[in-house]
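Working notes, structure below.
FYI, it's all coordinate maths here, none of it is from the lab. Just so you know, these numbers come straight off a predicted model, no measurement behind them. Heads up, the Cβs are rebuilt from the backbone with ideal geometry, glycines too, and the neighbour counts pull from every protein chain shown.
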Amino acid sequence: MASVVLDAKGRIVLWSPQADDLFGYPAREALGRYAARLMVHEQHRDLVTKLFADVMSTGQGWAGAFPVRHKDGSTRLVEFRNMRLLDDRGEIYALMLAADQETVRRLDRDVALSTGMVSQSPIGLALLDTGLRFVSVNPALERINGLPAEEHTGRRVHEVLPLLDTGPLEDAAREVLDTGRPLVDQPVAGRTPADPDHDHAWQTSLYRLEDAYGTVLGVAVSVVDVTEQHRASVEAEAARRRLALVADASARIGTTLDLERTAAELASVAVPELADVAAVDLLDAVLEGRSSSLGPAEGAVFRAMAIHADHASEVLGAADPPGQIARYDADRLVTECVRTGEPVLVARVGAEDLARIAHSPEAAELLARAGVHSYLAVPLIARGEVLGALDLTRTRNPLPFSRDDVLLARELASRAAVQIDNARWYQNARDTALTLQRSLLPSHPPVVGGLEVASRYQPAGATTEVGGDWFDVIELDGGRTALVVGDVMGSGIGAAATMGRLRTATNTLASLNLDPARLLEHLDRITSDLDHSIATCLYAVHDPALRQLRIANAGHLPPALVRPGHAPELLDLPTGAPLGVGGVPFGTTAFDFAPGDELVLYTDGLVETRCHSLDERLDTLLGLLSDPTRALDDVCDLLLRTLHHPDNHDDVAVLIARAGT
């Protein structure tokens with residue numbers, strides 16, 4: 001912008017350096033000359049003289065474009081702003097501010113464009129001063145914040161938006177003021193007066209503003225509403241997490257056929273992704289094999305199976321301890337869930353809801369103290385039958401259960417219910433087989449025919465069916481005693497039934513006072529007729545008068561003999577063929593059996609493992625028998641505790657006899 005000052009007669013008394021550039025005359029050529037003669041063509045001088053006189057006489061300024069003669073002889077259209085000046089002595093001057101018209105027009109266009117963009121932009125724009133107070137906002141930001149511009153001006157961001165956590169935004173603005181480095185697309189989420197009931201998300205960008213001399217004016221802020229994109233992203237992330245949870249549940253639930261463990265796996269999967277506390281309860285009628293249907297006014301009897309929380313909570317104190325029976329009245333929400341077979345959702349729990357969630361007023365008080373604010377019960381349904389319910393509560397998670405959570409909980413419950421039902425049927429079948437097997441095993445007095453006797457039977461781990469191991473102690477004529485241990489190959493009710501038939505046959509044959517080898521020959525023929533069954537068996541007869549043992553073996557592991565003052569040893573017996581093979585003769589071997597001697601009979605489940613050789617395990621067995629003074633019951637327990645792992649896939653029978661004095 002060129003500056004030129006004229007005195008009252010129109011002579012140039014001030015000529016700025018910008019005037020040199022605009023008009024082409026240096027100051028030494030312009031000062032003191034009449035401006036009209038220097039800068040205006042003759043045909044325009046009368047008009048210029050009149051305009052000058054009007055400004056000087058009336059004091060009213062004049063603005064407009066006027067052709068000016070350049071020193072190089074060309075004519076240029078210049079934009080003028082003219083006004084009258086008065087100094088302290090009362091003398092009058094004229095001030096002309098001039099700029100090339102094209103430059104002015106370009107500036108006007110830029111200003112108009114900027115003003116239009118600011119006022120019409122859908123992006124919220126604001127100018128903060130160096131104290132981070134609003135200087136101006138555009139209409140878009142007025143709509144975003146829900147406040148007119150005048151309620152922004154002069155106030156800090158946190159004063160205008162009290163519902164928003166503005167601390168990070170103001171810290172970012174200070175950083176931009178200090179460093180001059182812009183911050184682009186900073187995320188901000190929360191609520192504004194425009195929509196105080198719902199969360200929104202924005203991306204903000206901040207730039208430092210400076211004037212032409214580098215003076216910091218403040219911070220420019222742009223705000224873009226990205227709520228829809230944010231919600232879509234949140235929903236996509238929630239969907240991904242739901243899929244991950246379902247996949248995790250598929251891998252973690254049903255790893256065994258143990259009912260309690262399967263229920264515990266379901267509870268642990270649901271926490272903390274879905275709930276803060278999860279409980280699994282099964283209807284007691286279902287576990288007993290009865291119908292699970294409930295009448296409208298009928299309460300529910302549950303057996304608590306599992307509970308899991310990701311933190312110590314009073315909710316655990318209000319819950320039913322696993323393994324115990326719990327009765328819930330007809331008006332309880334969990335009863336409604338299993339009666340209708342539909343989820344029950346209480347998004348926001350009130351005091352009246354707690355009374356319908358807990359089984360007692362005391363439990364309801366514990367739930368209230370724990371901060372239970374949302375509740376969801378989902379039925380466990382398998383093969384069209386309601387088995388029980390998955391109970392979910394939230395205490396730490398501030399969000400209430402949503403419809404999406406209901407869908408996820410139903411998916412988990414549906415998958416887990418099938419696994420729970422499988423475990424339930426397996427356990428029922430296994431309990432039946434165990435009952436059958438135990439009913440077939442003998443109960444004998446601790447002293448029989450001059451022998452002190454102890455025994456143990458240990459079923460296999462929960463992941464397999466019952467086996468066909470057995471033992472027996474049979475009183476014979478003449479004070480003699482038969483000791484038997486055997487193992488039917490295979491598992492399940494069939495093996496247990498075969499074991500029972502062989503035990504009955506053994507008792508019958510023993511009453512005939514047969515030689516042990518002869519008895520095994522009869523058992524071999526009987527076994528061959530039992531649906532191609534195979535079994536190992538060891539039969540020993542103790543004669544206290546002769547202080548002798550007579551033993552025959554049908555493919556069984558050798559027994560251990562423990563004598564006071566001697567190292568335990570495995571008896572060297574002909575192995576023989578298993579029962580059911582047929583056509584292989586058996587032999588009887590006699591051994592001295594003095595008072596204090598012990599005979600240890602066992603099945604292969606005690607010593608066989610996948611990780612160790614049989615010789616190594618038999619050496620371990622003999623090492624455990626090194627103390628002949630230990631009580632026989634203690635020896636049995638020591639062998640099972642040390643040698644038989646709970647996850648072993650085979651059952652175990654142990655029989656120990658010690659000769660009396």
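Lys and Arg at +1, Asp and Glu at -1: add these up for the other residues within a Cβ distance under 12 Å of ALA189 and post the number.
-1
Starting from the amide H of HIS556, placed 1.01 Å from N in the peptide plane, find each other amide H under 5 Å away whose residue is 5 or more places distant or on another chain.
For HIS556, the qualifying residues are CYS537.
Determine the distance separating the Cα centre of the stretch 148-195 from the Cα centre of the stretch 204-254; give it in Å without decimals.
Cα centroid of the stretch 148-195 versus Cα centroid of the stretch 204-254: 16 Å apart.
Per DSSP H run of at least 4 residues, take -39500 (n - 2.57); add these up for the chain, divide by its residues and hand me the 222 nm value, nearest 500 deg cm²/dmol.
Here the helix-only value at 222 nm equals -11000 deg cm²/dmol.
Per residue, how big is the convex hull of the stretch 441-659 when only Cα atoms are used? Give it in Å³.
Expressed per residue, the convex hull around the Cα atoms of the stretch 441-659 is 110 Å³.
Can you sort SER533, SER528 so the residue with the fewest Cβ neighbours within 10 Å comes first?
In order of increasing Cβ crowding within 10 Å: SER528, SER533.
Scan around PHE80 for amide H atoms under 5 Å from its own, H built in the peptide plane at 1.01 Å from N, and keep only partners 5 or more places away or cross-chain.
GLY64, ALA65, PHE66
Just order 51-64, 476-489 by mean Cβ neighbour count inside 10 Å, highest at the front, would you?
476-489, 51-64
Relative to the present Cα-Cα distance, how much length would full extension add between ALA65 and ARG630 at 0.36 nm per residue of separation?
Here the answer is 191.0 nm.
Would you please classify the overall shape of the stretch 326-415 from the alpha carbon gyration tensor, given that a ≥ b ≥ c denote the square roots of the eigenvalues, rounded means a/c under 1.5, and beyond that prolate means a/b larger than b/c while oblate covers the rest?
oblate
Below 8 Å, C-alpha to C-alpha, sequence gap of six or more: please give me the relative contact order for the chain in percent.
7
Any idea how far apart LEU316 and SER291 come out in nm if each label point goes 7 Å out from Cα toward Cβ?
Using points 7 Å along Cα→Cβ, the separation is 4.0 nm.
Please give the Cα centre distance for the stretch 398-412 versus the stretch 575-602, rounded to the nearest Å.
65
Return the distance in nm (one decimal) between the two label points of a simple spin-label model at SER268 and VAL584, each offset 7 Å from Cα along Cα→Cβ.
Placing both labels 7 Å along Cα→Cβ, they lie 4.4 nm apart.
Could you work out the percent of alpha carbon pairs in the stretch 261-400 separated by over 22 Å, rounded to a whole number?
30
Spin-label point model (7 Å from Cα, Cβ direction): what's the GLN186 to ARG501 distance in nm?
Each label point is offset 7 Å from its Cα along the Cβ direction, giving 8.5 nm.
Where the centre of each part is set by its Cα atoms, how far does the stretch 336-392 sit from the stretch 19-68, in angstrom?
When both Cα centres are located, 92 Å separates them.
Counting other beta carbons within 10 Å of each residue's own, what order do TYR375, TYR457 fall into, fewest first?
In order of increasing Cβ crowding within 10 Å: TYR457, TYR375.
Say R0 is 51 Å: what FRET efficiency, to the nearest 0.05, do THR153 and ARG33 get from their beta-carbon distance?
E between THR153 and ARG33, to the nearest 0.05, is 0.55.
Would you pull out the residues with amide H under 5 Å of GLY218's amide H, same chain only if 5 or more places away, H placed 1.01 Å from N?
Answer set, sorted by chain and number: LEU209.
Work the Kirkwood hydrodynamic radius out for the stretch 222-272: mean of 1/r over every pair of different alpha-carbon atoms, inverted, in Å.
Radius from the Kirkwood sum: 13.2 Å.
Name all residues of the stretch 127-142 having a backbone nitrogen under 18 Å from the label point set 7 Å from the Cα of GLU210 along its Cα→Cβ direction, giving them as ranges.
128-131
So if I restrict to the alpha-carbon atoms in the stretch 2-106, what is the Rg, and what is Dmax, the biggest pairwise distance, in Å?
According to the Cα coordinates of the stretch 2-106, Rg and Dmax are 12.9, 40 Å.
Each residue of the stretch 150-167 in turn: what ³J(HN,Hα) in whole Hz from Karplus with 6.51, -1.76, 1.60 and θ = phi - 60°, glycine and Pro shown as x?
Taking θ as phi minus 60°, the curve returns 5, 7, 8, 4, x, 10, 7, 4, 5, 6, 7, 10, x, 7, 10, 7, 8, x Hz for the stretch 150-167.
Each residue of the stretch 447-457 in order: what ³J(HN,Hα) in whole Hz does its phi give by Karplus 6.51 cos²θ - 1.76 cosθ + 1.60, θ = phi - 60°, with x for Gly and Pro?
10, 9, x, x, 10, 8, 10, 9, 8, 8, 10
Which of the peptides 351-362, 498-509 is most tightly packed, and how do the rest follow, going by the mean number of other Cβ atoms within 10 Å of each residue?
498-509, 351-362
Across the stretch 624-637, in residue order, what do the Karplus-derived ³J(HN,Hα) couplings come to in whole Hz, using 6.51 cos²θ - 1.76 cosθ + 1.60 with θ = phi - 60° and x for Gly and Pro?
6, 9, 6, 10, x, 8, 5, 4, 5, 4, 5, 5, 4, 5
Where does helix 259-270 land angle-wise versus the long Cα axis of the chain, in degrees 0 to 90, nearest 10?
That works out to roughly 10 degrees.
Rounded, prolate or oblate: which fits the stretch 536-620 when a ≥ b ≥ c are the square roots of the eigenvalues of the alpha-carbon gyration tensor, with rounded for a/c under 1.5 and prolate only if a/b beats b/c?
In terms of gyration-tensor shape, oblate.
Summing +1 for each Lys or Arg and -1 for each Asp or Glu, what net charge is found among the other residues whose Cβ lies under 9 Å from the Cβ of ALA659?
Summing Lys/Arg as +1 and Asp/Glu as -1 gives -1.
Let me see the pair-distance distribution of the chain: every alpha carbon pair, 10 Å bin width, integer percents in order.
Final binned percentages: 3, 11, 12, 10, 11, 11, 8, 5, 6, 7, 5, 3, 3, 3, 2, 0, 0.
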